[in-house]
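Chemist: First, the structure itself, so that you have it in front of you.
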Amino acid sequence: MAISFEIKKKCKNTAARTGRIDTPHGSINTPVYMPVGTQATVKAMTPRQVEEAGAEIVLGNTYHLYLRPGHETVKKAGGLHKFMAWDKPILTDSGGFQVFSLGAIRKITERGAEFSSHLDGSKHMLTPEKAMSIQEALGADIIMAFDECTEYPAEYEQVLAAMERTHRWAQRCKDAKSRDDQALFGIVQGGMFPELRKKSAKEIADMDFEGNAIGGLSVGEPKDIMNDMLDITAPLLPESKPRYLMGVGSLDYIIDAVARGIDMFDCVLQTRVARNGTALTKRGKLVIRNAKYAEDFTPIDDKCTCYTCRNFTRAYIRHLIKANEILASTLLSIHNVQVTIDFIKEIRESIQNGDFLEYKNEFFANYNV
RNA sequence: GGAGGGAUUCCCGAGUGGCUAAAGGGAGCAGACUGUAAAUCUGCCGUCGACGACUUCGGUGGUUCGAAUCCACCUCCCUCCA
């Protein structure tokens with residue numbers, strides 16, 4: 001086994017739990033938020049800043065790194081950790097999400113997905129086997145099965161077909177995997193259909209991956225539906241292995257999912273909205289770009305201990321945004337990543353202390369969507 | 001003193017008789033963003049009691065059914081010649 005997962009404390013009132021994942025590059029405390037560094041960089045942040053924000057693990061992406069600079073180049077560099085100067089754990093996504101997000105320029109067959117590169121239009125075939133070999137070349141601690149993420153809304157037949165293909169591809173990923181110092185996670189699909197979600201969760205669980213992910217959620221469906229899907233899916237995934245909700249999310253989504261037994265999260269929201277002038281806080285979002293902050297000489301959040309909040313005001317950050325200065329992206333990214341990590345740390349502490357439910361209720365009492 | 005050219009909505013800048021409240025860009029304002037084709041995208045951007053009305057294109061007067069667009073004079077700016 002490439003990783004080990006230990007549950008430390010379980011909530012009495014919900015399915016929430018705390019734990020620790022040990023990987024070849026160190027330990028991760030769960031629940032965990034993983035900043036996304038698609039192209040071997042968490043956009044606008046240095047690895048030092050990512051680390052100082054409290055990140056214990058970051059993501060990379062198979063599709064993007066395969067196209068540029070090329071996984072062989074990363075391998076020659078000594079692997080992704082060394083290449084990007086991040087010696088803590090890394091998880092790479094398989095390219096399954098690009099099957100979804102690049103829907104218009106890709107074609108799916110049983111063999112795999114054929115993409116027209118978004119960079120130069122050239123054609124590339126990503127198969128489960130290829131996704132495994134790329135991820136083995138990149139050398140992340142946790143790698144993901146190549147899945148087919150379906151859009152919302154979608155017809156039952158279409159979701160069923162994608163789900164079944166995802167299961168077949170999951171097995172092929174397992175069969176193709178050759179390195180034993182990387183943990184492979186399977187991915188549950190099934191759209192918003194309870195029966196398909198159940199079926200998918202059971203089948204993926206039965207394949208005995210080292211961890212299990214739930215994909216295909218937070219793709220535009222109402223939050224209630226997503227939570228319903230989690231209620232159905234999470235309990236069917238083995239308790240003894242990490243559960244990873246892919247692509248989520250905002251603070252309110254995270255805490256709801258933790259209550260349903262999710263241990264791992266990743267999301268681009270933090271760094272993306274940062275680059276678009278928005279700060280996340282435990283009380284809701286602040287569009288620092290807005291005129292009302294022009295002469296607001298207070299920190300984004302006076303309780304936040306991040307580098308940005310310790311040193312800069314809303315007015316200054318707004319000025320940087322308006323002046324199109326790159327530091328705006330950096331300062332807001334630092335804050336958004338840390339606020340999410342600090343939040344999830346508080347969640348861990350509340351679970352540990354046995355008052356998670358109270359913490360959750362208090363959070364929602366103060367949170368403005 | 002003479003000869004040309006020009007003044008357009010916050011800025012730059014199209015527009016030379018009706019399809020023009022006036023292209024486009026910038027600035028400004030707001031919204032979106034959830035396994036990153038994103039430092040992106042979308043909307044608003046003369047005024048108002050606003051699916052309609054009213055006032056605008058240096059100023060004044062005129063031609064015309066109708067003018068930012070044509071004419072006269074005036075004001076200011078630029079270039080060239082003395």
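Chemist: Ranked from the most accessible area to the least, with a 1.4 Å probe and all protein chains present, what is the order of A:GLU346, A:GLU155?
Modeler: Details: A:GLU346 60, A:GLU155 135 Å².
Output order, biggest surface exposure first: A:GLU155, A:GLU346.
Chemist: Considering only protein heavy atoms, what per residue accessible area in square angstrom results for chain A with a 1.4 angstrom probe?
Modeler: So chain A comes to 42 Å² accessible per residue, rounded to a whole number.
Chemist: Another one. Under 1.5 on a/c is rounded, so check that first for the stretch A:327-369, then, if it is not, pick prolate when a/b is larger than b/c and oblate when it is not; a ≥ b ≥ c are the square roots of the alpha carbon gyration tensor eigenvalues.
Modeler: Oblate.
Chemist: Let me ask something additional. Quick check on chain A: helices-only [θ] at 222 nm, where DSSP H runs of length 4 and up contribute -39,500 (n - 2.57) each and the sum goes over total residues. Nearest 500, please.
Modeler: It comes out at -12500 deg cm²/dmol, rounded to the nearest 500.
Chemist: What is the gain in length, in nm to one decimal, between A:ALA77 and A:GLU110 on full extension, counting 0.36 nm per residue of separation less the C-alpha to C-alpha distance? Walk me through the numbers before you get to the answer.
Modeler: On the way: separation 33, 0.36 × 33 = 11.88 nm, distance 3.32 nm.
Value of the extension gain: 8.6 nm.
Chemist: Under a cut-off of 28 Å between alpha-carbon atoms, report the lysines in cross-link reach of A:LYS199, not counting same-chain residues fewer than 8 places apart.
Modeler: Excluding near neighbours in sequence, the set is A:LYS10, A:LYS12, A:LYS107, A:LYS130, A:LYS174, A:LYS177, A:LYS223, A:LYS241.
Chemist: Further question: Going from most exposed to least, what order do A:HIS167, A:HIS25 have by accessible area with a 1.4 Å probe?
Modeler: My answer, sorted largest first, is A:HIS25, A:HIS167.
Chemist: Right, something else. Tell me, what are the semi-axes, in whole angstrom and largest first, of the equivalent ellipsoid of the stretch A:49-92 as set by the roots of 5 times the Cα gyration tensor eigenvalues?
Modeler: Output for the stretch A:49-92: semi-axes of 20, 11, 8 Å.
Chemist: In debye, nearest 20, what is the charge dipole magnitude of the stretch A:136-182 about its Cα centre with +1 on Lys and Arg Cβ and -1 on Asp and Glu Cβ, if you could check?
Modeler: The dipole magnitude comes to about 200 debye.
Chemist: On to the next question. Test of understanding: extend the Cα→C-beta vector of A:ASP180 to 7 Å, then name every residue of the stretch A:144-159 with backbone N under 14 Å from that spot.
Modeler: none
Chemist: Place the peptides A:47-53, A:248-254, A:138-144, A:121-127 in order of packing, highest mean first, counting for every residue the other Cβ atoms within 10 Å and averaging per peptide. Show your work: numbers first, answer last.
Modeler: On the way: A:47-53: 17.9, A:248-254: 21.3, A:138-144: 26.7, A:121-127: 14.1.
Per-residue mean Cβ counts within 10 Å order the peptides as A:138-144, A:248-254, A:47-53, A:121-127.
Chemist: Let me ask something additional. Size of the dipole of chain A about the Cα centre, Lys and Arg at +1 and Asp and Glu at -1 on the beta carbon, nothing else charged, in debye to 20?
Modeler: 700 debye
Chemist: Using alpha-carbon pairs under 8 Å, 6+ residues apart, how would you state the relative contact order of chain A in percent?
Modeler: This gives 18 percent for chain A.
Chemist: Take the alpha carbon gyration tensor of the stretch A:64-217, find the square roots of its eigenvalues, order them as a ≥ b ≥ c, and report rounded if a/c is under 1.5; if not, report prolate when a/b exceeds b/c, else oblate.
Modeler: Because a/c hits 1.5 or more and a/b fails to exceed b/c, the stretch A:64-217 counts as oblate.
Chemist: Taking the alpha-carbon distance from A:LYS322 and a cut-off under 17 Å, which lysines remain once sequence neighbours fewer than 8 residues away in the same chain are dropped?
Modeler: Those lysines meeting the cut-off are A:LYS292.
Chemist: Relative to the longest principal Cα axis of chain A, at what angle does helix A:128-138 sit, 0 to 90 degrees, rounded to 10?
Modeler: 50 degrees
Chemist: A further question follows. Reachable lysines from A:LYS303, Cα under 19 Å, same-chain residues fewer than 8 places away excluded?
Modeler: Cross-link targets: A:LYS282, A:LYS285, A:LYS345, A:LYS360.
Chemist: Need one number for the stretch A:217-369: average projected area of the convex hull over its C-alpha atoms, nm². If you can, show how the numbers build up before the last one.
Modeler: Details: hull surface 38.3 nm².
Over all viewing directions, the stretch A:217-369 projects a mean Cα-hull area of 9.6 nm².
Chemist: Additional query: Find which of A:PRO153, A:THR330, A:ALA40 sits farthest along the positive direction of the dipole of chain A, computed with +1 on the beta-carbon of Lys and Arg, -1 on that of Asp and Glu, about the Cα centre.
Modeler: Ranked along the dipole, the leading option is A:THR330.
Chemist: Nearest 20 debye, what's the magnitude of the dipole of the stretch A:27-81 about its Cα centre given +1 on Lys and Arg Cβ and -1 on Asp and Glu Cβ?
Modeler: With only Lys, Arg, Asp and Glu charged at Cβ, the dipole is about 240 debye.
Chemist: Along the charge dipole of the stretch A:183-329, Cβ charges K/R +1 and D/E -1, which of A:ILE317, A:GLY215, A:GLY277 sits furthest on the positive end?
Modeler: The residue sitting farthest along the positive end of the dipole is A:ILE317.
The values are calculated or read from the model by the stated rules, or taken from the named source; none is laboratory data. Everything numeric here is computed off the predicted structure, so don't read it as measured data. Note that we place each Cβ from the backbone using ideal geometry, even for glycine, and neighbour counts take in every protein chain shown. To get the accessible areas, we keep the full protein, side chains included, count just its heavy atoms, and leave off ligands, DNA and RNA. Shrake-Rupley method; radii C 1.70, N 1.55, O 1.52, S 1.80 Å.
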